[in-house]
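K.L.:
Quick one: the structure is below, and I'll ask about it shortly.
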Amino acid sequence: MAAIGTQNRYAAPSRLLHWAIGLLVLLTWPLGLMIGFAKKDVVLDFYLLHESIGFLVLWLMLIRVGNRWMNRPPRHEAPPLERYAAEAVHGLLYLFLIIMPVSGFLATNAHGFPLKWFGILEVWSPIGKSPDIAPVFSAVHEWSAWILLGLFTVHIGAVLMHHVIRKDDTLYRII
């Protein structure tokens, strides 16, 4: 495959945010799963790390949304249905990468555990302890995680289809 032209690549900030958020989510997801299996003496450490990284993902996603408005994605020639599917999956990824950390943050606040970001910075709690709504935020957070995993699987499947089967330059646009 020939080198991809710079006019067909995502802007450098877009590529950096894409990979940074992807790596952070891949780190945060298993941490969240391990909370249920961790010993009592380390479960709070898992919570702190999981929530702190998730809060970082939220801020990076907000920056990413602004970056996307400033650096529009490069045009990619594809059949209309394929382009629509790609835009829908990307839009849903953005949406759930914001819903998931917001709902997790609000859930822990509602359960009465304000966030101390990476154990250093106390983050203002917008709702405080609210046991009546805490389970709702927890459910939204959990469902968002599973939906995000499904979207991630579709995204990776499309990447593999483009790279391995079609052998086109789609992957190189974001590297």
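The values are calculated or read from the model by the stated rules, or taken from the named source; none is laboratory data. Since we're looking at a predicted model, the values are computed, not measured. Cβ sites come from the backbone with ideal geometry, for glycine too, and all protein chains shown count toward neighbours.
K.L.:
Between residues in the stretch 151-175 that are farther than 22 Å from residue 13 by Cα and residues that are outside any loop (DSSP other than H, G, I, E, B) and not hydrophobic (A, V, I, L, M, F, W, C), which pairs lie under 7 Å by C-beta distance while being six or more apart or on different chains?
P.N.:
Sorted first by the residue in the stretch 151-175, then by its partner, the pairs are 168/162.
K.L.:
Here's another thing I want to ask about it. When the residues of the stretch 35-67 are narrowed to those that are touching a Phe, Trp or Tyr at 6+ places or on another chain (Cβ under 6 Å) and farther than 24 Å from residue 17 by Cα, which ends up surrounded by the fewest Cβ atoms within 10 Å (Cβ to Cβ)?
P.N.:
The residue in question is 38.
K.L.:
Another question about this same structure. Consider the stretch 151-172. How many of its residues are assigned to a helix (DSSP H, G or I) and more than 19 Å from residue 92 (Cα to Cα)?
P.N.:
9
K.L.:
Go through (1) within 22 Å of residue 145 (Cα to Cα); (2) in a loop (DSSP other than H, G, I, E, B); (3) within 19 Å of the chain's Cα centre (by Cα) one by one and return the number of the condition residue 73 breaks.
P.N.:
Residue 73 satisfies all of (1) within 22 Å of residue 145 (Cα to Cα); (2) in a loop (DSSP other than H, G, I, E, B); (3) within 19 Å of the chain's Cα centre (by Cα) except (1).
K.L.:
Could you count how many residues in the stretch 1-32 are surrounded by 13 or more Cβ atoms within 10 Å (Cβ to Cβ) and modelled with pLDDT of 85 or more?
P.N.:
20
K.L.:
Restricting attention to the stretch 96-150, which residues are touching a residue at least 40 places away in the same chain (Cβ under 8 Å), of a type in the set (Val, Ile, Thr) and either touching a His at 6+ places or on another chain (Cβ under 8 Å) or in a helix (DSSP H, G or I) (or both)?
P.N.:
Scanning the stretch 96-150 gives 98, 99, 102, 108, 140, 147.
K.L.:
Now, a different point. Given the residues 56, 92, which is the only one that is closer than 20 Å to residue 156 by Cα, modelled with pLDDT of 95 or more and not basic (Lys, Arg)?
P.N.:
92
K.L.:
I'm checking my understanding of the structure. Among residues of the stretch 87-126 that are closer than 28 Å to residue 151 by Cα and small (Gly, Ala, Ser), which one is farthest from the chain's Cα centre (by Cα)?
P.N.:
Out of the qualifying residues, it is 110.
K.L.:
Follow-up. Checking the condition of a type in the set (Asp, Glu) and in contact (Cβ under 8 Å) with a residue 60 or more places away in the chain, which residue from 82, 87, 51, 77 passes?
P.N.:
Numbers: 82 fails: in contact (Cβ under 8 Å) with a residue 60 or more places away in the chain; 87 fails: in contact (Cβ under 8 Å) with a residue 60 or more places away in the chain; 77 fails: in contact (Cβ under 8 Å) with a residue 60 or more places away in the chain.
Going through 82, 87, 51, 77 in turn, the sole match is 51.
K.L.:
Could you please let me know if residue 136 is surrounded by 12 or more Cβ atoms within 10 Å (Cβ to Cβ), within 17 Å of the chain's Cα centre (by Cα), modelled with pLDDT of 95 or more and of a type outside the set (Phe, Trp, Tyr)?
P.N.:
Judged against the criteria, residue 136 is not a match.
K.L.:
Return only the number of the condition from (1) over 28 Å from residue 50 (Cα atoms); (2) buried (at least 16 other Cβ atoms within 10 Å of the Cβ); (3) at pLDDT 95 or above that residue 169 does not satisfy.
P.N.:
Of (1) over 28 Å from residue 50 (Cα atoms); (2) buried (at least 16 other Cβ atoms within 10 Å of the Cβ); (3) at pLDDT 95 or above, only one is false for residue 169: (3).
Residues checked against (1) surrounded by fewer than 16 Cβ atoms within 10 Å (Cβ to Cβ); (2) basic (Lys, Arg):
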position	(1), (2)
101	no, no
104	no, no
117	yes, no
129	yes, yes
140	no, no
145	no, no
148	no, no
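K.L.:
Restricting to the stretch 22-48, what's the tally of residues that are touching a residue at least 60 places away in the same chain (Cβ under 8 Å) and farther than 20 Å from residue 155 by Cβ?
P.N.:
Counting residues in the stretch 22-48 that are touching a residue at least 60 places away in the same chain (Cβ under 8 Å) and farther than 20 Å from residue 155 by Cβ gives 2.
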